[in-house]
Every structure is written in structure tokens, then in C-alpha cells.
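One structure below.
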Amino acid sequence: MNALLRADLIRLRRRLDLWFIVAGVLVLAGISFVGGYSGDVADPPPFDRAAFVQQTNDSGMFVGMTQAEIDAQLPLLVADAQAAADAGRADHEARQVVALQRYGLPQAPLTLLASSLFSIIALALIASLVVGDEFRFGTLRTSLLAASDRRRFLAARLISFLVLTVGLFVALVLVAVVLSLGLTLIGAELPPSAPINVPAAAGLVVTDILVATVVILLTTALSLIMRSGVLAFLVGLLLLLIDVFLVQLPVFQSLGAQAALAAVPQFSLTTAIRTLQAVLGRDTGGLAFADLPVPGGPLNLDPVVLAGILVAWGAVFLVVADRRIRRMDVVE
Amino acid sequence: MVIETRGLVKEFPEARAVAGIDLDVPAGGVYGFLGPNGAGKTTTIRILTGLLWPTRGAARIFGEPVEPGAPVLTRVGSLIERPAFYPYLSAMDNLRVFGTAHGLTDPLLAGRAAEALDRVGLAAAARRKVGGFSTGMRQRLALATALIGRPDLVVLDEPTNGLDPNGVVDVRELIAGLAADGTTIFLSSHVLPEVEQLSSRVAILSEGRIVAEGPTTNLLATDERIAIRFDTPVEATRALSILGAGRAVLDPSAPAADTILVNAPMRDASRVNRELVEGGSSPAELRTHRRSLESVFRELTTEHDDPSGPVALDAAPTPVR
């Protein structure tokens, strides 16, 4: 197994397209982090009395009124508008204090992880490209001539993906830390961040890695079945979208007598992922997860059970991939 | 036996590629595996190298069963038709990938890779990316890949495809050198002179079946026929009618159709000559007919229609048909 892992290391480290994807994920995550901060730190424009008066005049509100009536009405309208603007500003500032905490430490890594879907999709793309290219270039044949144990070949490949996944999530956390420190260094406006639940945060990272692994297993199995990486990636995304669509069908929304049926969506892959991330995200104390909706359902599933559902899905995809690679004829 | 197959069958949805092959490849030397395109050579080789599952039958290498993932495959080095490599890796890195996957570790691997590249004449291109390699260079690299594990059995499928004349000679010398060192070579090719020159034993495959098998010398043995050349094809045709049906045929390998093959030993040459002269024909030349592998191949792969079994050539010298 070590030999196969070393071979994969040589293979993967020279694939520039994969590193472009990984770098792209990190850059986009960084842009999204900084862009989010820029949006949250921006204040609404101050109340402009002259512009308000002009706008009110232009609206035709005073048509038919005498100047005396207008002079009596206008100060009241301006006062109301000023009060509304002041209230809005106070509300904004209150929300802004909370929002800006997301970019300081220790909240910053959780803020990036709250949008980990993009990273997971990128990892699925990498997995499907790597497996699919074995068919596209015909190198599966050469690889299996060098290492004939197909189960080990698949296992080595999956372990390589796991290492890449762990590396990417560690890199995301580091990017968040570096950017947060960078914002502090340039004197950005960052209120003291709320504390986080570190064990829960570690659990969230592990969950994200588990989710990525399950999606990678799905696209790997599809790549082996379809003998094409790009097609497998697209079909994998389509299957996940279909899953999201199916669990929202009215037949699963009924409760009462059909409670058992209503619980079915809770075992779907996408629902289990969303539920687990939302529940664990809240446990971390991460402000970015505060507004994340938790998919409903009649069963109050524990995070361990939800993780078990993910592991079960992963096992299904692994069995399919393993059976496929062991039984397939290599005709490329 | 190094390779044994019994009743090997491989069916694809669109066709039956291998229709029941029994093969016994002894240890040492070069074993030629011949057949026209589509005869089932590459499919058989893919089964022997664990790339395909046989539909029926069994194959053994060094006495151990062969199927995808079989441990014995680590003792086999293979070059399969149209070799494939990672185009973004250099020749050296491709070799390192395959050598590492094979279980070799540095510094042994580095030495073996450099030695293999040198042996196939690619030392100067070791650092170049394979994506820019010509067909011949890929073929050489595939040969290096097959040899890097120092296998006991080397399976070569059309190893000189795409090579220039110098490359062909180099590869033939390499194959001969490997065989001389005690490695068993299973050589599939449709370059008949190559097989004739290198192989000590051959099997000829046609439509998924072995139609002849045995020592190359027996296959090419003089078949006690007399070749008689005439000045014109018309004369040759007249001679056929003089000798009568069943006693002679037009030599299929004679491009001008001016030669006939008479089913008689050379010692009867004067009697046959007299018979022809008395019949009004004038032979220009009489000689012993020596068969080439090409003629044997043509006869067997275009005329063999007996599915009952291959022609055994071990009891030499006997006519093939």
C-alpha cells in the first residue's frame, strides 16, 4: 500500500491542473472572506435632509396643497424619516457588531467553513478528473500492469484523496487565520470575537472532511462506472440536485399517520449533510452558522446518527466502486 | 510451463474474441504468438496480464492461476499494444510511478529506471514530458516499463510498432538478449520475419483459435515439395493440367503466378521434369520448396477451417496440412 501511495504522490504532485483547482478554491475562499468583510463593514449613507425633501416634492405628494400646508407637513415628514433612518442605523450597527465578529479570531475559520460546499464540489471535481483521466489517457491499463491488486489501487487512490481533503481544509483554516490577522494588522474595524466551542469546531472540520469523502466516493464510483471523469462529475452533481428535489416532494411533507414517510428525507444524503452541518455549526458557537436553517423532520436525529447516515452512504458508494474496479475489463 | 491456458474463452457483447485457447508456453526462449488482426492475440494477452476476465476457461502463469489482481502478475512485465502514459510526467517520472507501484524503492528504483531508459535508448529524453513523445518513443518507454521490475516473464504485444528501422533492430537485439539471460518472452507480433528470427516456438491464432503450435523449425521445415518455375504464367497453368489435379498447386507466394508446387520429394524431380517435357511444357527452374513463415501463416489463417483443434508440429517434419 505504501508503494502505491508513493506512486500516487509522484503522479498527483505533477498535475498542475489539480493544484490550480486547489489554489482556486483557496483564492476564492479568501476573496469571499474579504468581500464579506467589506460588505459588512460598510455603513449605510447618512440621512440626507435635502435629498429627502427633493424626493418628496418630486413624488407629487404636495400637489394641490398650499404653501402654508406644505410648510406645516414637511417638517413632520422629515422628522419621521430622520427617526426611521436613525432607527435603521442603530439596527444596522447592532447587527454589524455581530457580523464583524465573524472575521476576527477565533470566529474566522468557522466563517470560511460555513461556505465549505464550494470546496467539497472542487474536491469531487478533482477526484472525478483523476479517476476519469485513467480512462481518458488509457493509463489505468498501465497502472494495473504495474500494480495488479485493484482493491489496493483503489484504496491508495482514495487515501490520496483523503490526504488532499484534509490538506485543503487545513489550508482553509489557515487562510482564515491569516486573513483575520491581516485585517487586524491593517487596522480594520474588528470588534472582539465571541468565543467558540473548540471541540465542536474540530468535530465540524471532521464532518466537512467526512462529507467531502462521501461525495468523493460518489464521483469515484461514477467515474469507474462511466469511464469518464467530467461526465461522472456532472452526473454526481445532478444526482445530488435530484436528491434535494425529491426530499421536498409533498408526499414526504405529510405528518401524523404518515410520519414514517415524512422521516424518509432525513436519511437522504443531502438532508443528512445539511442537518449535520447546521447542528454542529450551531454547537460550535460560530456566528456564521447562527442563521443556517436546520432541515426539519419528525425524528430528532443525534449528530452521531447523522454521521452514521453519511458513513452508510459512503459505504454504499465504496462497495460500488470496489466491485466495479475489481470486476471491470480494462479495454482502454 | 510458464504459461498454461485451458479452454480460454473471451466474449464481448459484440463478438467472441477468443474461442477456446489451450496454450503451453515452456520456460526460456522466445515464444511467438502470431495471428492476423482481430485473431484474438491482444485479448489473450490482456487476459494473461490480468486486464480482462476470461468468460470461460483458465490461465496459469508459473503454475498459479491468473486473473485480475493475481499475485503472480508481479512476476510478469508487459508491453501491451498502444502503450499509455501520464502525459504530464517525464519519461523518468512515469517509470518511477510504475516502478514504485511495482514495489521498488529508491535508490534501487532510480538505478533501475536509469538503466531501463538507457537500455531502450531513451536516456537522453529521460526528463522530457511524455506528452510530446512520438509513437516509437512511447513504445521504447513501454518496453522500459515492462523491464523495470526484472520480471521472469515478459509479455510483448507488437513491441516494434512505430519504431524506425534502427529501433526495430535495437528491440530485436534486446529481446534476444533477455531470452539469452533466461527470461521467458511471450512475443505477439504480425511482423513474421521478426517472429521467425527470434522465436524458438510459435502458436498461430486465427479467429480466436490456435490453428498451429510447435517449434518454429518444424513449422518452417522443408515440406518435400518441388517448386517449378516457368517463363510465363500460362506455362505454369499448362503444367498444372499436365500433372493433374491434386498433384500440384500454384505457389501462392510467387507474385508472378509463374511457379507451381508439386507434392513430391526432390528425389523425384527428374521424373516430374520428364513428365512435363513429354507433355509439352518447359520448366525454367526446379528447386526444393522452403516454406516461409509468411506462407505458413497465410495458409493457416486463410484456409484453416477445422475447429477440432490445432495442428501440432512437435512431430517434425510434417506437412502442416
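The values are calculated or read from the model by the stated rules, or taken from the named source; none is laboratory data. Given the structure is predicted, the values throughout are model-derived calculations rather than measurements. In this analysis, Cβ positions are derived from the backbone assuming ideal geometry, glycine residues included, and neighbour counts consider all displayed protein chains.
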Fill in: Residues located in the stretch A:295-325, provided they are surrounded by fewer than 17 Cβ atoms within 10 Å (Cβ to Cβ) and either within 14 Å of chain B (Cβ to nearest Cβ) or in contact with a Lys or Arg (Cβ under 6 Å, 6 or more places away or on another chain) (or both)
A:R323
Worksheet, complete the sentence: Exactly one of A:L276, A:L292 is surrounded by fewer than 17 Cβ atoms within 10 Å (Cβ to Cβ) and either assigned to a helix (DSSP H, G or I) or touching a residue at least 12 places away in the same chain (Cβ under 8 Å) (or both), and that one is A:L292
Practice prompt. Would you please list the contacts, defined by Cβ atoms under 6 Å and residues six or more apart or on different chains, that run from a residue in the stretch A:146-172 that is within 11 Å of chain B (Cβ to nearest Cβ) to a residue that is among the aromatic types (F, W, Y)?
Written response: A:A146/B:F98; A:A147/A:F153
Worksheet, complete the sentence: For the stretch B:62-91, pairs from a residue that is at the interface with chain A (Cβ under 7 Å from one of its Cβ atoms) to a residue that is assigned to a strand (DSSP E or B) and not hydrophobic (A, V, I, L, M, F, W, C), with Cβ under 7 Å and 6 or more apart or across chains, are B:A70/B:E64; B:I80/B:D157; B:P87/B:K129; B:Y88/B:K129; B:L89/B:K129
Worksheet item: Among the residues of the stretch B:173-196, how many are closer than 16 Å to B:A144 by Cβ and not acidic (D, E)?
Response: 6
Item to complete: Among what's in the stretch A:258-312 and is farther than 30 Å from A:R95 by Cα and of a type in the set (V, I, T), pick the residue that is modelled with the lowest pLDDT.
Response: A:V264
Discussion item. Can you report the number of residues in the stretch A:1-16 which are of a type in the set (D, E, K, R) and within 7 Å of another protein chain (Cβ to nearest Cβ)?
Written reply: 4
Fill in: Among the residues listed as A:G314, A:G281, the single one being under 27 Å from A:G104 (Cβ atoms) and part of a helix (DSSP H, G or I)
A:G281
Discussion item. Is it the case, given these coordinates, that A:S143 is within 26 Å of B:R138 (Cα to Cα) and of a type in the set (S, T, N, Q)?
Written reply: yes
Practice prompt. Taking the options B:L205, B:L187, B:L163, name whichever one is free of Cβ contacts under 8 Å to residues at least 40 places away in the same chain and crowded, with 20+ Cβ neighbours inside 10 Å.
Written response: B:L163
Discussion item. For the stretch B:11-26, which positions are within 14 Å of chain A (Cβ to nearest Cβ) and either assigned to a helix (DSSP H, G or I) or in contact with a helix residue (DSSP H, G or I) (Cβ under 9 Å, 6 or more places away or on another chain) (or both)?
Written reply: B:F12, B:A17, B:V18
Worksheet entry | Which listed residue is within 14 Å of chain B (Cβ to nearest Cβ) and surrounded by 21 or more Cβ atoms within 10 Å (Cβ to Cβ), from A:G132, A:G138 | A:G132
Worksheet item: Restricting attention to the stretch A:131-140, does a residue exist that is in contact with a Leu (Cβ under 6 Å, 6 or more places away or on another chain) and polar (S, T, N, Q)?
Response: no
Discussion item. Yes or no: the stretch B:40-51 includes at least one residue that is surrounded by fewer than 21 Cβ atoms within 10 Å (Cβ to Cβ) and within 30 Å of A:A7 (Cβ to Cβ).
Written reply: no
Item to complete: Evaluate the following for A:F233: is it modelled with pLDDT of 95 or more and aromatic (F, W, Y)?
Response: yes
Worksheet item: Of the residues that make up the stretch B:104-124, is at least one in a strand (DSSP E or B) and either under 14 Å from A:A7 (Cα atoms) or within 12 Å of chain A (Cβ to nearest Cβ) (or both)?
Response: no
Item to complete: Please indicate, with yes or no, whether at least one residue in the stretch A:93-100 is surrounded by 20 or more Cβ atoms within 10 Å (Cβ to Cβ) and either away from chain B (no Cβ under 14 Å) or in contact (Cβ under 8 Å) with a residue 40 or more places away in the chain (or both).
Response: yes
Discussion item. Taking the conditions exactly as written (surrounded by fewer than 24 Cβ atoms within 10 Å (Cβ to Cβ), within 17 Å of the chain's Cα centre (by Cα) and at positive phi), does B:G63 satisfy them or not?
Written reply: no
Worksheet entry | Residue check for B:A239: out of contact with any strand residue (DSSP E or B) (no Cβ under 6 Å at 6 or more places or on another chain) and aliphatic (A, V, I, L, M) | no
Worksheet item: Quick check: is even one residue across the stretch B:143-152 aliphatic (A, V, I, L, M) and free of Cβ contacts under 8 Å to residues at least 24 places away in the same chain?
Response: no
Item to complete: Would you point out which residue out of A:A108, A:A127 is farther than 30 Å from B:L141 by Cα, within 24 Å of the chain's Cα centre (by Cα), away from every other protein chain (no Cβ under 14 Å) and surrounded by 18 or more Cβ atoms within 10 Å (Cβ to Cβ)?
Response: A:A108
